[in-house]
Amino acid sequence: LDVTLSPNPSLTFRTIGGILDFYLFMGPTPENVVQQYTEAIGRPHMPAYWSLGFQLSRWGYGSLDVLKETVDRMKHYDIPYDVQHYDIDYMERRLDFTYDKVNFAGLPEFMKEMKKDGKHNVVILDPFIAKDEEPGTYRPYELGQEMGVWINNSDGVTPAVGKAWPPGDSVFPDYTNPRTVEWWTQLCLEFKDVLDYDGIWIDMNEPSNFMRGQYPGCADNEINNPPYTPTISDRSLAEKTLCPDSKTYLGDHYNTHSLFGWAQTEPTFNVVQQATGKRPFVLSRSTFVGSGKHTAHWLGDNFSQWKDLRRSVVGILEFNLFGIPYIGADICGFNYNTTYELCLRWMQLGSFYPFSRNHNAEGNSVSKQTPAVFGDAFAKISRATLRIRYSLLPYLYTLFYESHVHGGTVVRSLMHEFTSDQETHGIDTAFLWGPAFMIAPVLEEATRSVTVYFPEAQWFDYYTVLPSAWKKNYATVSAPLNKIPLYIRGGYILPQQAPATTTTESRLNPFGLIIALDEQGQASGSLFWDDGDSIDTIEKENYFLAKYTFSKVSGNI
């Protein structure tokens, strides 16, 4: 299937067959459309409060010592930081459900120390399992063999064998099979006793395979080579994945390919909840319609380039439309070496991604790419911007509550709030948190100002709290290296809390309210609050919800 959106506006569907079902969500507002859509596909999950803190990751720390240095540097500069991710280099020879007892000796103890320090740990697991280890030495494969959990070749009997990160060849679990869910659940629960994780990051789950199809190659038939193939990698449905005629529990891989990551997500969500006894954190690379019910997402392996910085704003707006509001991009870029200015501007923008994580690839020379490796000035600016994020986390958390209950967006375009203003329809360089907080990032190199469109409302500069003179107009605003332009919309009350270096600490701090009046001298807002990580607090009504109104006439709140 190939779907093209044209500016007419029109949609063109190209398909070789099948039934097309159309669901129409009538709105009338863009926000209503998203609410109706998520009512059909499933509301976004409610994230744990700690997962809204800043997160650090790298593929290629190489050793626990290097990771410890990274943590110490962040501490030295007092930069807010809640979550540490562990990419595949923590594993023994990239084998799932293991850790490297040489280079990462002491990892279980280190993760417990991080927890004592108020931080949280997220481990990566890949969906392919090595099949060529010495018999009796690698339980995940042997248990999977015994339980019959793999995707099979077209014969429906022999497991599909491909190549991925682990040594030798790999087989691929079929998460549409209930037996596979049992197998995965058991292994994840057992692994919790080895590494005390708080969340699981599931990667490569398209499923990714380093070949075109499995051994010995795909048969030349109509399923593997249909009459029409969309413009995809090498015009091959099997490129870097499995042959379409492979067999899954629900049928041909041709029909279930897009559901692989989706099918892995719910069992992972459930087992993290079971293992931790807390609200689950799952981060998935592959998503499908309805994935937001169980997972966060990031925009994939981006590049340390200015165009990728700019595109990330579009991606974050899009995934909020898809019902996956807990979304971010790799801050500073994953591939290539980042630069001082690009990384600084990306830290500023990334401080306002719903999912805020700095992540970096193996082999890049800016080896740790954290906000603490570029010197004092960079660290100070990153710290200041992240402290703004942390101070506004009660507002962001309240937006996630509203999204979970009513199904709307957390991050939205100006068009969502000012639909009748045609000028807002093409703006994808600035965005809003909810209805009331505008972020206008610098997206170009060597730029010290930004052209911002101010729709018809009273807008206040976040830093000076002075009202802007602009209304329904473009204005060029100053954006020196140490500043990302931020604005509060009049008529709204934003809850805030004194920031700290972790949410564990910040949640104990005093609250405040930012009251930004509209032209009638009025404002309203709300605060959702619970313990931050218990399961189903909303469903069990174990929370506090305040609605605030302010009127200049009465002077009362």
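The values are calculated or read from the model by the stated rules, or taken from the named source; none is laboratory data. Note that the structure is predicted; figures quoted are calculated from it, not measured. Every residue, glycine as well, gets a Cβ built from its backbone with ideal geometry; the counts of neighbours run over all protein chains shown. Ligands, DNA and RNA are stripped out before the accessible areas are found, and what is left, the full protein with its side chains, is counted by its heavy atoms. Shrake-Rupley method; radii C 1.70, N 1.55, O 1.52, S 1.80 Å.
Key figures
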quantity	calculated
Members of the range 465-490 that are open to solvent by 30 Å² or more (accessible area, probe 1.4 Å), over 21 Å from His425 (Cα atoms) and modelled with pLDDT under 95	Val465, Leu466, Pro467, Ala469
Matching residues, the range 75-98, being among the aliphatic types (A, V, I, L, M) and assigned to a loop (DSSP other than H, G, I, E, B)	Ile79, Met91, Leu95
Set Leu259, Leu321, Leu242, Leu317: member being over 30 Å from Thr398 (Cβ atoms), surrounded by fewer than 23 Cβ atoms within 10 Å (Cβ to Cβ) and touching a residue at least 24 places away in the same chain (Cβ under 8 Å)	Leu259
Residue pairs meeting the criteria (Cβ under 6 Å; at least 6 apart or on separate chains; first farther than 14 Å from Gly375 by Cα, in the range 64-76; second open to solvent by less than 30 Å² (accessible area, probe 1.4 Å) and at pLDDT below 95)	Leu67/Tyr61
Among residues of the range 337-376, those that are open to solvent by 40 Å² or more (accessible area, probe 1.4 Å) and out of contact with any helix residue (DSSP H, G or I) (no Cβ under 9 Å at 6 or more places or on another chain), counted	5
Residue under evaluation Tyr215, criteria (1) open to solvent by 80 Å² or more (accessible area, probe 1.4 Å); (2) within 28 Å of Thr4 (Cα to Cα), criterion not met	(2)
Complete set of residues in the range 190-212 that are open to solvent by 10 Å² or more (accessible area, probe 1.4 Å), within 30 Å of Lys115 (Cβ to Cβ) and not in a loop (DSSP other than H, G, I, E, B)	Glu190, Lys192
Conditions (1) farther than 20 Å from Leu386 by Cα; (2) touching a residue at least 12 places away in the same chain (Cβ under 8 Å); (3) open to solvent by 10 Å² or more (accessible area, probe 1.4 Å); number of the one not met by Lys307	(2)
Pro173 vs. criteria under 26 Å from the mean Cα position of the chain (by Cα), over 23 Å from Leu299 (Cβ atoms), open to solvent by less than 10 Å² (accessible area, probe 1.4 Å) and not acidic (Asp, Glu)	yes
The one condition in (1) surrounded by 24 or more Cβ atoms within 10 Å (Cβ to Cβ); (2) touching a strand residue (DSSP E or B) at 6+ places or on another chain (Cβ under 9 Å) that Gly300 fails to fulfil	(1)
Boolean, Tyr61 is at pLDDT 95 or above and among the aromatic types (Phe, Trp, Tyr)	no
Residues that are open to solvent by 70 Å² or more (accessible area, probe 1.4 Å), touching a Gly at 6+ places or on another chain (Cβ under 9 Å) and without any contact (Cβ under 8 Å) to a residue 40 or more places away in the chain, drawn from the range 497-548	Gln520, Gln522, Lys547
Members of the range 420-446 that are within 18 Å of Lys307 (Cβ to Cβ), β-branched (Val, Ile, Thr) and open to solvent by less than 30 Å² (accessible area, probe 1.4 Å)	Ile427, Val442
Scope the range 26-35; condition polar (S, T, N, Q), more than 16 Å from Ile324 (Cβ to Cβ) and touching a residue at least 60 places away in the same chain (Cβ under 8 Å); matching residues	Thr29
Residues that are closer than 30 Å to Ile535 by Cα and open to solvent by 10 Å² or more (accessible area, probe 1.4 Å), drawn from the range 377-390	Arg387, Ile388
Residue selected from the range 447-457 under the condition surrounded by 20 or more Cβ atoms within 10 Å (Cβ to Cβ) and of a type outside the set (Ser, Thr, Tyr), by the criterion farthest from Ile488 (Cα to Cα)	Val450
Among residues of the range 535-556, those that are among the aromatic types (Phe, Trp, Tyr) and part of a loop (DSSP other than H, G, I, E, B), counted	1
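Quick grid of which residues meet (1) open to solvent by less than 30 Å² (accessible area, probe 1.4 Å); (2) within 15 Å of Arg93 (Cα to Cα); (3) assigned to a loop (DSSP other than H, G, I, E, B):
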residue	(1), (2), (3)
Gly118	yes, no, yes
Val122	yes, no, no
Asp132	no, yes, yes
Gly136	no, no, yes
Pro140	yes, yes, no
Leu143	yes, no, no
Gly156	no, no, yes
